[in-house]
Amino acid sequence: MAMILLAEDEAVLRMLIGDTLEDEGHLLDIACDGEEALQKISHNQYDLLILDYMMPKLTGFEVLTRMKQMTDKQAVKVLILSAESQHAKQEKMRAAGADDFMPKPFSPLELARKVEDMLA
(Lines give C-alpha, C1' and ligand atoms only; values in the text may rest on other atoms or scores of the structure.)
Protein backbone atom coordinates (compact mmCIF):
# COMPACT_ATOMS: atom_id res chain seq x y z
CA MET A 1 0.00 0.00 0.00
CA ALA A 2 1.52 3.28 -1.13
CA MET A 3 0.98 6.83 0.11
CA ILE A 4 0.24 9.05 -2.89
CA LEU A 5 -0.25 12.81 -3.18
CA LEU A 6 -2.56 13.83 -6.01
CA ALA A 7 -2.25 17.51 -6.96
CA GLU A 8 -5.00 18.33 -9.47
CA ASP A 9 -7.12 21.47 -9.72
CA GLU A 10 -10.06 19.92 -11.63
CA ALA A 11 -12.52 18.51 -9.07
CA VAL A 12 -14.03 15.85 -11.38
CA LEU A 13 -10.61 14.55 -12.37
CA ARG A 14 -9.48 14.57 -8.72
CA MET A 15 -12.48 12.43 -7.79
CA LEU A 16 -12.00 10.03 -10.72
CA ILE A 17 -8.28 9.52 -10.08
CA GLY A 18 -8.79 9.37 -6.32
CA ASP A 19 -11.49 6.71 -6.54
CA THR A 20 -9.39 4.64 -8.95
CA LEU A 21 -6.28 4.71 -6.76
CA GLU A 22 -8.19 4.05 -3.55
CA ASP A 23 -9.89 1.08 -5.24
CA GLU A 24 -6.36 -0.22 -5.95
CA GLY A 25 -5.64 -0.05 -2.21
CA HIS A 26 -3.51 3.10 -2.04
CA LEU A 27 -3.70 5.82 0.60
CA LEU A 28 -4.40 9.17 -1.00
CA ASP A 29 -3.78 12.77 -0.02
CA ILE A 30 -5.22 15.57 -2.15
CA ALA A 31 -4.01 19.05 -3.07
CA CYS A 32 -6.11 21.44 -5.17
CA ASP A 33 -3.25 23.70 -6.30
CA GLY A 34 0.52 23.78 -6.47
CA GLU A 35 1.01 25.80 -3.30
CA GLU A 36 -1.03 23.32 -1.24
CA ALA A 37 0.87 20.44 -2.85
CA LEU A 38 4.26 21.91 -1.92
CA GLN A 39 3.11 22.51 1.66
CA LYS A 40 1.92 18.90 1.99
CA ILE A 41 5.14 17.56 0.42
CA SER A 42 7.25 19.46 2.94
CA HIS A 43 5.31 18.03 5.92
CA ASN A 44 4.61 14.43 4.80
CA GLN A 45 6.31 11.40 3.29
CA TYR A 46 4.91 10.11 0.00
CA ASP A 47 5.83 7.17 -2.22
CA LEU A 48 4.50 8.90 -5.33
CA LEU A 49 3.42 12.38 -6.39
CA ILE A 50 0.91 12.80 -9.21
CA LEU A 51 1.15 16.43 -10.33
CA ASP A 52 -1.01 18.19 -12.87
CA TYR A 53 1.22 20.35 -15.07
CA MET A 54 -1.19 23.33 -15.17
CA MET A 55 -2.38 24.28 -11.67
CA PRO A 56 -3.15 27.58 -9.97
CA LYS A 57 -0.57 29.30 -7.73
CA LEU A 58 2.31 26.97 -8.70
CA THR A 59 2.52 24.73 -11.76
CA GLY A 60 3.41 21.07 -11.52
CA PHE A 61 6.83 21.98 -12.92
CA GLU A 62 7.39 24.56 -10.16
CA VAL A 63 6.29 22.08 -7.48
CA LEU A 64 8.63 19.46 -8.96
CA THR A 65 11.68 21.73 -9.07
CA ARG A 66 11.12 23.03 -5.53
CA MET A 67 10.50 19.52 -4.17
CA LYS A 68 13.71 18.22 -5.73
CA GLN A 69 15.61 20.90 -3.79
CA MET A 70 14.46 19.31 -0.50
CA THR A 71 17.21 16.82 0.35
CA ASP A 72 14.86 14.34 2.04
CA LYS A 73 12.39 14.32 -0.89
CA GLN A 74 14.68 13.67 -3.87
CA ALA A 75 13.87 9.94 -4.10
CA VAL A 76 10.09 10.45 -4.30
CA LYS A 77 8.66 9.22 -7.61
CA VAL A 78 6.82 11.85 -9.69
CA LEU A 79 4.20 11.38 -12.40
CA ILE A 80 3.19 14.49 -14.36
CA LEU A 81 -0.27 14.77 -15.94
CA SER A 82 -0.70 17.23 -18.80
CA ALA A 83 -3.11 18.07 -21.57
CA GLU A 84 -0.07 19.12 -23.60
CA SER A 85 1.88 16.14 -24.89
CA GLN A 86 4.73 18.02 -26.57
CA HIS A 87 7.97 16.06 -26.54
CA ALA A 88 10.02 19.14 -25.54
CA LYS A 89 7.85 19.71 -22.47
CA GLN A 90 8.18 16.06 -21.46
CA GLU A 91 11.97 16.27 -21.75
CA LYS A 92 12.00 19.45 -19.65
CA MET A 93 9.98 17.67 -16.94
CA ARG A 94 12.23 14.59 -17.01
CA ALA A 95 15.33 16.79 -16.77
CA ALA A 96 13.80 18.45 -13.69
CA GLY A 97 13.32 15.04 -12.06
CA ALA A 98 9.93 13.71 -13.19
CA ASP A 99 9.92 9.91 -13.48
CA ASP A 100 7.10 9.68 -16.00
CA PHE A 101 4.59 11.71 -17.96
CA MET A 102 0.97 10.92 -18.82
CA PRO A 103 -0.94 12.93 -21.42
CA LYS A 104 -4.57 13.87 -20.77
CA PRO A 105 -7.07 12.49 -21.49
CA PHE A 106 -6.28 9.01 -20.16
CA SER A 107 -8.30 6.07 -18.91
CA PRO A 108 -8.36 5.45 -15.15
CA LEU A 109 -7.14 1.88 -15.76
CA GLU A 110 -4.20 3.18 -17.79
CA LEU A 111 -3.31 5.50 -14.89
CA ALA A 112 -3.63 2.66 -12.36
CA ARG A 113 -1.26 0.49 -14.44
CA LYS A 114 1.28 3.31 -14.71
CA VAL A 115 1.13 3.92 -10.95
CA GLU A 116 1.66 0.22 -10.24
CA ASP A 117 4.65 0.14 -12.62
CA MET A 118 6.18 3.21 -10.97
CA LEU A 119 5.77 1.77 -7.47
CA ALA A 120 7.09 -1.70 -8.37
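The values are calculated or read from the model by the stated rules, or taken from the named source; none is laboratory data. Bear in mind that the values here come from a model prediction, so they are computed numbers and not experimental data. Virtual Cβ from ideal backbone geometry, glycine too; neighbours counted across all protein chains shown. Surface areas here come from the heavy atoms of the whole protein model, side chains and all, with no ligands, DNA or RNA. Shrake-Rupley method; radii C 1.70, N 1.55, O 1.52, S 1.80 Å.
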Practice item. Please name all residue pairs, on different chains or six or more residues apart, with Cβ atoms under 7 Å, provided the first residue is in segment 36-54 and is of a type in the set (Ser, Thr, Tyr) and the second residue is in a loop (DSSP other than H, G, I, E, B) and open to solvent by less than 20 Å² (accessible area, probe 1.4 Å). Key: TYR46/VAL76
Revision key, fill the gap. Residue hits (segment 58-74; within 13 Å of LYS40 (Cβ to Cβ) and open to solvent by 70 Å² or more (accessible area, probe 1.4 Å)) are ARG66
**Study point:** Near pairs, Cβ below 8 angstrom, 6+ apart or cross-chain, from segment 86-105 (within 20 Å of LYS68 (Cα to Cα)) to any residue that is open to solvent by 70 Å² or more (accessible area, probe 1.4 Å) and in a helix (DSSP H, G or I)
**Key:** PHE101/ARG94; MET102/GLU110
Check your understanding: Do we find a residue being under 17 Å from ALA31 (Cα atoms) and of a type in the set (Gly, Ala, Ser) anywhere in segment 84-105?
Key -> no
Review point. Here are some conditions: (1) free of Cβ contacts under 8 Å to residues at least 24 places away in the same chain; (2) among the small types (Gly, Ala, Ser); (3) surrounded by 17 or more Cβ atoms within 10 Å (Cβ to Cβ). SER82 meets all but one. Which one does it not meet?
Key: (1)
